[in-house]
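So the structure is just underneath, and the comments pick up after that.
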Amino acid sequence: MAKEIIVSDTGPLISLEKITDGYSLMGKLYRQILIPHGVAQELCQGMFSSWDAYYEHYGLSGFVTVVEIQGIKSYLGCETLDEGEKQAIHLALERQLPVLIEEEQGRRIAQTLGLKVSGVAGQILKAYRNQLISADRAQTNLAELLKAGRIGKRLYGGLIENLQ
């Protein structure tokens with residue numbers, strides 16, 4: 001399996017923080033995660049003083065790259081999205097890359113625009129299907145997402161069934 005590049009919104013990266021070795025899991029699937037500047041700003045709000053502090057804390061050297069976005073286009077429905085989501089969708093469209101996005105409206109808009117969309121739970125399943133992680137590891141990571149409130153019980157149940 002050739003390692004791809006993917007764009008991410010803020011929510012999926014927060015989900016990666018909640019699971020054991022989340023960024024390491026994504027490193028098994030992707031060569032690089034691109035994020036727009038707005039996502040980097042959202043990630044470091046609160047716990048971190050800067051993007052560099054976040055970047056260093058999670059050991060993201062060479063893996064997560066911040067990309068400056070110029071002239072964001074307006075898409076139907078995107079006026080209700082936050083800045084990070086708008087920028088992530090724009091970057092994914094511009095580069096013709098899949099996008100990690102978990103918020104329902106953002107996913108819907110991205111799919112309407114023809115983007116391939118996933119959340120972290122879907123990436124855990126992908127890693128399992130590609131035999132990059134065990135069923136036990138996948139189940140543990142999904143349980144961590146459920147416990148952290150990043151996925152609902154119904155989605156969790158459906159994903160666990162896919163591990164059988």
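Do we find a residue being surrounded by 13 or more Cβ atoms within 10 Å (Cβ to Cβ), of a type outside the set (Val, Ile, Thr) and in the same structural domain as residue 32 (by TED's automatic domain parsing) anywhere in the range 61-76? The answer is yes, given that some residue of the range 61-76 is surrounded by 13 or more Cβ atoms within 10 Å (Cβ to Cβ), of a type outside the set (Val, Ile, Thr) and in the same structural domain as residue 32 (by TED's automatic domain parsing). Once the range 128-138 is narrowed to residues that are free of Cβ contacts under 8 Å to residues at least 12 places away in the same chain and either of a type in the set (Gly, Ala, Ser) or at positive phi (or both), the residue that is surrounded by the fewest Cβ atoms within 10 Å (Cβ to Cβ) is 131. Taking the range 139-155 as the range and being buried (at least 16 other Cβ atoms within 10 Å of the Cβ) and without any contact (Cβ under 8 Å) to a residue 24 or more places away in the chain as the test, the residues that pass are 142, 146. Within the range 56-96, the set of residues being of a type in the set (Lys, Arg) and modelled with pLDDT under 90 comprises just one member, 73. Kindly evaluate residue 97 against the criterion of being in contact (Cβ under 8 Å) with a residue 24 or more places away in the chain and assigned to a loop (DSSP other than H, G, I, E, B). So residue 97 fits the description; yes. Among the residues of the range 111-124, is any in a helix (DSSP H, G or I) and more than 23 Å from residue 31 (Cβ to Cβ)? Yes, the range 111-124 contains a residue that is in a helix (DSSP H, G or I) and more than 23 Å from residue 31 (Cβ to Cβ). What are the residues in the range 28-44 that are buried (at least 16 other Cβ atoms within 10 Å of the Cβ) and under 19 Å from residue 134 (Cβ atoms), if any? Across the range 28-44, the qualifying residue is only 29.
Look at the range 3-28: where a residue is over 14 Å from residue 150 (Cβ atoms) and a partner is surrounded by fewer than 23 Cβ atoms within 10 Å (Cβ to Cβ) and hydroxyl-bearing (Ser, Thr, Tyr), sitting 6+ places away or on another chain with Cβ atoms under 7 Å, you get 3/30; 4/30; 5/30; 6/30; 23/58.
For the range 1-94, please list each of the helices (runs of 4 or more DSSP H) lying entirely inside it that holds at least 1 residues being in contact with a Cys (Cβ under 8 Å, 6 or more places away or on another chain).
Where helices (runs of 4 or more DSSP H) fall fully within the range 1-94 and carry at least 1 residues being in contact with a Cys (Cβ under 8 Å, 6 or more places away or on another chain), they are 51-57.
The values are calculated or read from the model by the stated rules, or taken from the named source; none is laboratory data. Computed from a predicted structure; not experimentally measured. Counting neighbours? That spans all protein chains shown, and the Cβs are built from the backbone with ideal geometry, glycine included.
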